[in-house]
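Q: Supplied in structure tokens, the structure appears directly below.
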Amino acid sequence: MVAGGVYVVKESGLEFQQNHQSDESPVSSDVYLKQFRDGFEMRILEQNSPNELVLELLHVDTSFVNALRRILLAEVPTVALENIFMWNNTSIIHDEVLAHRLGLIPLNIDARLLEAPDEEDDSPTDRNTVVFRMMVKCTKPPKEEDTFMSDDDEETPVAGADTNMSPQAAAAASRPPILSQDRPYTKHVYSRDLEWVPQGDQATRFPQGIRPIHDDILIAKLRPGQAIELEAHGRVGIGKDHAKYSPVATASYRLMPRIELLEDIYDELAEELVHVYEPGVFDLMPVTDIPGRRCKAVLVNPYACTMSRNYMRNPLLKKAIAMSRISDHFIFSIESIGMYNPAVLVAEALRLLQRKCTRLMDLIDESQDQPVA
């Protein structure tokens with residue numbers, strides 16, 4: 001059980017006040033676990049989109065919440081493009097910059113369906129690697145288009161020179177450039193130009209296919225005659241090794257606000273209070289049973305409060321309101337990049353945290369079994 005107390009908001013900042021009536025920290029781990037199981041609560045507050053989730057965690061220590069956040073950011077495995085084989089790049093973007101941009105494109109694949117690379121044998125297989133290919137070219141205007149002579153002396157466009165090119169890649173390479181008034185004959189290369197090439201039985205294992213989560217990520221711009229031909233290998237990794245593997249755009253938490261009205265606030269003062277606070281925290285309620293009073297300020301949603309201290313500018317409001325943060329009540333916000341549902345990410349993070357705790361207990365047991373030198 002966490003130590004009781006609140007963070008009281010004052011003009012100078014936050015001040016922690018210990019609740020001396022709270023239970024003392026248990027000495028036994030069994031007692032601690034029992035108190036944790038009996039008191040811990042988790043609720044869903046918001047889910048405005050498939051990739052966003054806001055949770056409410058009650059009666060839990062900051063260390064637990066922060067461990068959950070750090071695991072979400074850096075230790076939940078995902079798949080990203082790791083090895084880029086650049087066959088041809090005549091664009092203005094350098095090879096290493098282009099490879100870096102490709103690595104940051106999120107892929108719609110569940111990393112749990114692939115094996116993590118082996119430290120001893122890192123060779124790619126259909127069990128640990130997914131392969132993408134990109135072949136794009138910006139053609140020149142018809143009168144300037146380069147040609148080459150084939151064996152039968154017929155002129156053939158360069159775009160069709162690769163006879164081993166797959167139909168999808170050939171279609172992408174021959175796609176007409178995007179014409180614009182500012183930059184005529186400029187071709188925009190997007191993430192949708194990455195073509196997945198199934199290896200082994202991957203076509204059966206991934207019947208929905210593998211592709212970038214967002215098809216409209218701009219990778220490069222090509223001018224007439226420029227081309228990009230490459231092969232990209234995706235591997236399993238974690239955000240601790242590289243940020244491209246992080247499954248979340250953000251994972252953050254804040255303490256739940258507590259707002260108390262020490263006295264009733266009416267009329268103009270109530271209207272001022274509603275105006276200086278964040279929308280939705282306070283509302284005006286009509287008053288009919290008190291002569292000379294029109295409306296009264298009522299607390300509606302403390303969750304919407306961002307701990308603004310603007311009300312302290314008015315001495316009357318400062319005296320009538322007490323604002324604090326609850327030290328064991330957290331609002332946890334998660335925004336997934338898209339390869340996982342945020343609820344799945346939370347479950348995976350909890351599973352990894354459990355595995356870490358089990359590993360720690362095993363190490364402690366091993367150290368206790370060893371004889372003292």
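Q: Would you kindly derive the ³J(HN,Hα) couplings of region 203-215 from the backbone phi angles with the Karplus curve 6.51 cos²θ - 1.76 cosθ + 1.60 (θ = phi - 60°), listing them in order in whole Hz, with x for Gly and Pro?
A: With the stated coefficients, region 203-215 comes to 4, 7, 6, 10, x, 7, x, 10, 8, x, 5, 10, 7 Hz.
Q: Using Cβ counts within 10 Å as a stand-in for footprinting exposure, how do 357, 138, 305, 295 rank, fewest first?
A: By the 10 Å Cβ count, ascending, the order reads 357, 295, 305, 138.
Q: Among the listed pairs 187/244; 240/356; 296/318; 34/240; 34/356; 137/240, give every one whose C-alpha distance is greater than 24 Å. Intermediate results must be reported in sequence, preceding the final value.
A: Working: 187/244 26 Å; 240/356 15 Å; 296/318 17 Å; 34/240 33 Å; 34/356 20 Å; 137/240 36 Å.
Too far apart for the 24 Å limit: 187/244; 34/240; 137/240.
Q: How much FRET efficiency would the formula 1/(1 + (r/R0)^6) give for residue 213 and residue 304, where r is the Cβ-Cβ distance and R0 is 35 Å, rounded to 0.05?
A: 0.70
Q: Could I ask something else about it? List, in order, the whole-Hz ³J(HN,Hα) value for each residue of region 279-286 obtained from phi through the Karplus relation with A = 6.51, B = -1.76, C = 1.60 and θ = phi - 60°; use x for Gly and Pro.
A: Calculated HN-Hα couplings, in order: x, x, 6, 10, 9, 9, 10, x Hz.
Q: Let me ask something else. Be a star and scan region 185-200 for residues whose amide nitrogen sits under 19 Å from the point 7 Å along the Cα-to-Cβ vector of residue 125.
A: Under 19 Å, as judged by backbone N against the label point of residue 125, lie 198-200 of region 185-200.
Q: Something else now. What ranking do 293, 359 get, fewest neighbouring Cβ atoms within 10 angstrom at the top?
A: Details: 293 14, 359 10.
In increasing order of surrounding Cβ atoms, one gets 359, 293.
Q: Within region 340-357, what residues put their amide N at less than 15 Å from the label point 7 Å along the Cα-to-Cβ vector of residue 47?
A: The answer is 340-348.
Q: For residue 314 and residue 110 in the same chain, what is the full-extension length gain: residue separation times 0.36 nm, less their Cα-Cα distance, in nm? Write out the running numbers ahead of the final one.
A: Details: separation 204, 0.36 × 204 = 73.44 nm, distance 5.42 nm.
The residue 314-residue 110 span can extend by a further 68.0 nm.
Q: Please list, ordered by chain and number, the residues whose modelled amide H lies under 5 Å from the amide H of residue 190; skip anything fewer than 5 residues away on the same chain.
A: The answer is 219.
Q: Oh, and also: How many angstrom lie between the Cα centre of region 24-82 and the Cα centre of region 218-269?
A: Taking the Cα centre of each part, region 24-82 and region 218-269 sit 19 Å apart.
Q: Report the calculated FRET efficiency for residue 294 and residue 335 (r = Cβ-Cβ distance, R0 = 51 Å), to the nearest 0.05. If you can, show how the numbers build up before the last one.
A: Numbers: r = 42 Å, r/R0 = 0.83.
The pair residue 294/residue 335 has a calculated efficiency of 0.75.
Q: How do the peptides 309-318, 33-42, 65-74 rank, highest first, by the average count of neighbouring beta carbon atoms within 10 Å per residue?
A: 65-74, 309-318, 33-42
Q: Enumerate the amide H contacts of residue 338 below 5 Å, restricted to partners 5 or more residues apart or on another chain; note that Pro and chain-start residues carry no placed amide H.
A: Close amide H contacts, sequence-distant or interchain: none at all.
Q: Can you give me the long-range amide H partners of residue 6? Hydrogens built in the peptide plane at 1.01 Å from N, cutoff under 5 Å, separation of 5 or more residues or another chain.
A: Here 17, 19 satisfy the definition.
Q: Order of 134, 339 from fewest to most other C-beta atoms within 10 Å?
A: Numbers: 134 24, 339 20.
Taking fewest neighbouring Cβ atoms as first place, the list is 339, 134.
Readers should treat all values here as calculations from the given coordinates under stated rules, not as data from a laboratory. Keep in mind that this is a model prediction, so the values were computed, not measured. Quick reminder, even Gly has a Cβ in these numbers, built from the backbone with ideal geometry, and neighbours come from all protein chains shown.
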